[in-house]
Every structure is written in structure tokens, then in C-alpha cells.
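Student: Pasting a structure here, questions to come.
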Amino acid sequence: MLREIRPAIVLLLVLTAITGLAYPLAMTAIAGAIFPAQAQGSLIDRDGKVVGSALIGQEFKDDKYFHGRPSATLAPDPNDSTKTVSAPYNAASSGGSNLGPTSKALADRLKEDVDKLKAENPNASVPVDLVTTSASGLDPDISPEAAEFQVPRVAKARNMPQDAVKQIVAANVQGRLFGLLGEPRVNVLALNLALDRAVAK
């Protein structure tokens, strides 16, 4: 019996070493050599200090900053571990709200967000990505239209001409990958850092 089992055990150990150890280490080394920034998490630094990742959104509440998409991620309630509380852009709990089109809670939240945004910029239609959450809840990008919609608020809060803010937005629009894949987008963190740099000059 041991004679029949031994080849299976040896094969299991060899394949575990190859697929569970050697292959992941080789791929990690190759990725680090070819794409060092991406392999480290696409981190963004400011004055030598890491301020975020280009792949994970952040919450900006101040009027002088551009705001990202709403995030439906949650975290355990510190006061009651059986409940959860809203924790925007919580990478440990990636996911959407799972609320459907017939949900009253979703309809109420959308109406409240749309009304707030219309008060902020009554002369423009509200871009859909400023009121809807992404499936992951971590989306770091908004559409160029969503960024342009926020220009009047940001310009007013920073006492800047709207045209100057629009130029910063235009400079931070990323096009389709290879000119074909995806949609034009603006990374909110990169845009806000560019805005801070422009004001500091």
C-alpha cells in the first residue's frame, strides 16, 4: 500500500513547491522588475510621503477638493460588533450596497445626493457617477464630466478663476487605453494633488 501512496505524496509535494512557492515568487520578481510602481500598489507620494494609491479612491469632503464617486463600503460598528457603519473606500470591505432599482433607501439617497449637487451647480445636469456607487466601492476615478461639474465649487472655495481650474482638469484627463479600451477618466487623488501644486506656485 505504501508503494502506491508514495508517488502520490511525492507528486503532491513537488507540485505544491512548484505552484505554491516557486511560481508565485518568480511572478512577483518579474512583476517587480518590469512594473515596479504597479507591483508596489501604484502608490502616490507627496513630498516623499505616501498619500494614497492610484487604484483606491479616497474620501474628500472639503469644498476646495474634487469629490469622487460615492462609496458603499462598510466597517464593523465600534460600539456594537454585530452591526456595521458606513466607511467610504474601505479596502478591507470592498463591495457595493446590493440595493436594487426598487429600493426605497437607494431612491431616497439618490434624490438627496442629486438635490445637494443641483444646489451646488444649478446650471448643469448632474453626472451619474457623482451619485452612483461602483461595484467595488473603491473607484478612484470619475468621468471628465463629473470633474467639470465640480469646477465652480472648487474655484469658488479656492478663490481661483474657473478657467484655471478647468485647465488643471483637462491636463489630468486620462484617455482610453490604447485609444480603444475603457472610457476617459480623471483620477481624483491625482487631480487634487495637481490642484494643490498649482495653488502653491
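The values are calculated or read from the model by the stated rules, or taken from the named source; none is laboratory data. Since the model is a prediction, treat every value here as computed from it, not as a measurement. Note that we place each Cβ from the backbone using ideal geometry, even for glycine, and neighbour counts take in every protein chain shown. The protein model used for the area step is the full one, side chains on, heavy atoms only, and it has no ligands, DNA or RNA in it. Shrake-Rupley method; radii C 1.70, N 1.55, O 1.52, S 1.80 Å.
Student: Taking only Cα atoms and a 10 Å spring cutoff, compute GNM fluctuations for the chain and point out the largest among P127, P24, P184.
Tutor: So, out of P127, P24, P184, the one fluctuating most is P24.
Student: To the nearest 500 deg cm²/dmol, what mean residue ellipticity at 222 nm is calculated for the chain from DSSP H runs of n ≥ 4 alone, each contributing -39,500 (n - 2.57), summed and divided by the residues?
Tutor: -13500 deg cm²/dmol
Student: To the nearest 20 debye, what charge dipole does the stretch 139-196 have about its Cα centre, counting +1 at the Cβ of each Lys and Arg and -1 at the Cβ of each Asp and Glu?
Tutor: 160 debye
Student: Relative to the Cα centre, what is the charge dipole magnitude of the stretch 51-139, using +1 at the beta carbon of each Lys and Arg, -1 at the beta carbon of each Asp and Glu, and rounding to the nearest 20 debye?
Tutor: Roughly 140 debye, rounded to the nearest 20.
Student: Would you mind working out the magnitude of the charge dipole of the chain relative to its Cα centre, with +1 at each Lys and Arg C-beta and -1 at each Asp and Glu C-beta, to the nearest 20 Debye?
Tutor: For this selection, approximately 240 debye.
Student: Now for a different question. Take the residue pairs K61/K156; K116/K156; K118/K156; K61/K118; K61/K83; K83/K116 and return only those whose Cα atoms are more than 21 Å apart.
Tutor: Distance filter (> 21 Å) returns K61/K83; K83/K116.
Student: Taking N as the number of residues in the chain, what value does Rg over Cα atoms divided by 2.2 N^0.38 Å take?
Tutor: Normalised Rg, Cα atoms only: 1.38.
Student: So for the stretch 84-132, what percent of the C-alpha to C-alpha distances run longer than 18 Å?
Tutor: Roughly 43 percent, once rounded to a whole number.
Student: At 7 Å along the Cα-to-beta-carbon direction for both A54 and V199, put a label point, then send me their distance in nm to one decimal.
Tutor: A separation of 2.4 nm, rounded to one decimal place.
Student: Given a 1.4 angstrom probe, what's the average accessible area per residue across the stretch 1-74, in square angstrom?
Tutor: Heavy-atom SASA per residue in the stretch 1-74 reads 76 Å².
Student: Moving on to the next point. Given springs between every Cα pair under 10 Å in a Gaussian network model of the chain, which of L11, L130, L191 has the largest fluctuation?
Tutor: L11
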